[in-house]
Amino acid sequence: MEHKTFDAIVIGGGAAGLTAGIYLARAKSKAVILDTGTIGGQLVLTHEVANYPGVESTSGYQLASTMKKQAKTFGCEIKSNLSITGINLGGELKEVIVNDKLIYQAKTLIIATGGRSRMLQVPGESQLKGRGISYCATCDGDFFQDKEIFVVGGGNSALEEAVSLTKYASKVTIIHQFDHFQAFEHAIEEAKNNPKIDFILESKITEFLGTDKLESIRYKNLRTGEVFHRPIDGVFIFIGYEANTDMFHGSELKLNQWNEVEADELMKTNIDGVFVAGDNRAKKYRQITTAVADGTIAALSALDYIHNH
Amino acid sequence: MVLPTNLKHVATAAEHAEVLKNHTNVMICCGRMGPMCLPVYDIMEELQDEYTHVEFRDMMFDSPEAAVIRNHPACRSFMGLPFTVYYKNGELVAATSSIQNRDQITTILDKEFGA
């Protein structure tokens, strides 16, 4: 297999990884960002960013594009849409194997693999994605003009997107597994005051049904166990995020019960020379600004490690 | 009306017909500049060097001219952007709705157009 050697490898090209790349490359460190998807991560999924200090309003795509350009300008290599087929975290040189034919090696590794939208993982979901099941109200809302839809979830995204979907749908039903919502009070109020929105609490969808497109769902009341069948045109799912750490399962990297990487305030993991940054780190708040802060600290810690080893 | 991507575009129904006439294997992603569409454009851009026997194009979903894709029978049940269509010898051989990852796209390309 072909080998490529760097000072630092960053896995993940979202806000945290790109920031790490900017800091590493600007410090004249030979760095590469490897991503299994699109550069920008969840950032490109954000239509408007209005709370990033110093930038009045921009799109996530634009902000990610600027970060990518900055990292490249400073000399950071960026590779996207890769298939990572192996990782060796132990040893003096960390290794990332790509497509079973190329080994990237470096003294330090920064794990910035971010998070992904949770799927319900119930029968019919994969088959009917884009055929009545959606994860983006802004993208697909207008396909549901005057139709009845469900929104799954109880956080800010679910309640805010439910309200926005009332622009199109004739009726929106929010279904949530708990007896209360986790969203901010103002989001709950806005949803409750909307005459087009209904609520089904303590319940969850157990099956999506349809051949060519979504036709109906089955959902279960979690308190009584009763199962209902209901014809429906569409379902939008907003049930939060999970850490992208599947590739580290079974490795010596210490993860918590939610599969998030544990680290100290300098972003050091339990493995020497391995750092973490961004939404895959065990922490409470996940914002673009916190990802950027993580990426900065992880890069500076990695640079310190390189100088001392 | 074309999308601000780095891909080659299809702007009109006439151009759509012209592309199908002049190329054996064609993949067209019909979408907007939203979060479900951008990753597909990005993957197509990267695959252009690898799949030189395939013509990669995009088309603006909201253009009236895109009815040629939006109203195709294979897309009748689609309710998620982007609509991605694959043509061989001018015939639609595969179509997907909503975001797709690299593996899902290359699986179709390999199956329909050969690796």
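Just so you know, all these numbers are worked out from the coordinates, no wet-lab data involved. A quick note: this is a predicted structure, and the numbers were derived from the prediction, not measured. Neighbour counts run over all protein chains shown; Cβ positions are idealised from the backbone, glycine included.
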Amide proton proximity set for A:ILE33, modelled H, under 5 Å, gap of 5+: A:VAL10, A:GLU77, A:ILE78, A:LYS79
Set the Förster distance to 45 Å, then compute FRET efficiency between B:ASP49 and A:ASP198 from the Cβ-Cβ distance, nearest 0.05. 0.35
What are the residues whose amide H is under 5 Å from the amide H of A:GLY155, where those residues sit 5 or more places off or on another chain and H is modelled from the backbone? A:GLN182
Neighbour-count ranking for A:TYR219, A:TYR168, A:TYR285 (other C-beta within 10 angstrom, fewest to most) reads A:TYR285, A:TYR168, A:TYR219
Whole Å is fine, so just give me how far the alpha carbon centre of the stretch B:34-58 lies from that of the stretch A:127-189. 30
Kindly express, to the nearest 10 degrees and within the range 0 to 90, the angle between helix A:156-165's C-alpha long axis and the longest C-alpha principal axis of chain A. 50
Considering only Cα-Cα distances, which of the following residue pairs are longer than 19 Å: A:LYS220/A:LYS284; A:LYS28/A:LYS72; A:LYS167/A:LYS192; B:LYS21/B:LYS111? A:LYS220/A:LYS284; B:LYS21/B:LYS111
Spatial separation of Cα centroids for the stretch B:70-103 and the stretch A:19-47, in angstrom: 31
Distance between the C-alpha centers of the stretch A:227-268 and the stretch A:283-305? Whole Å please. 19
Taking only the alpha-carbon positions of chain A and ignoring solvent, what does the Debye formula give for the base-10 log of I(q)/I(0) at q = 0.10 Å⁻¹? -0.63
By its C-alpha gyration tensor, with a ≥ b ≥ c as the square roots of the eigenvalues, how is the stretch A:198-309 shaped: rounded for a/c under 1.5, else prolate for a/b larger than b/c, else oblate? prolate
Antiparallel DSSP beta bridges within the stretch A:125-237, as percent of all bridges there, nearest 5: 40
Whole-Hz ³J(HN,Hα) from phi, Karplus 6.51 cos²θ - 1.76 cosθ + 1.60, for the stretch A:290-298, glycine and proline x: 6, 5, 5, 5, 4, x, 5, 5, 4
Let me make sure I get this right: for chain B, a, b and c are the square roots of the gyration tensor eigenvalues over alpha carbons, sorted descending. Under 1.5 in a/c it's rounded, otherwise prolate if a/b > b/c, else oblate. Which is it? rounded
The stretch A:167-172 - phi-based ³J(HN,Hα) in whole Hz, Karplus 6.51/-1.76/1.60, Gly and Pro as x: 5, 10, 6, 6, 8, 10
What ranking of B:ASP49, B:ASP62 emerges when the number of other C-beta atoms within 10 Å of each C-beta is taken as an exposure proxy, fewest first? B:ASP49, B:ASP62
Of all DSSP beta bridges with both partners in the protein assembly as shown, the antiparallel percent, nearest 5, is 45
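In whole angstrom, how long is each semi-axis of the equivalent ellipsoid of the stretch A:125-237, when you take the square root of 5 times every eigenvalue of its Cα gyration tensor and sort them from largest down? Could you put the intermediate results ahead of the total?
Values: eigenvalues 81, 66, 25 Å².
Those come to 20, 18, 11 Å.
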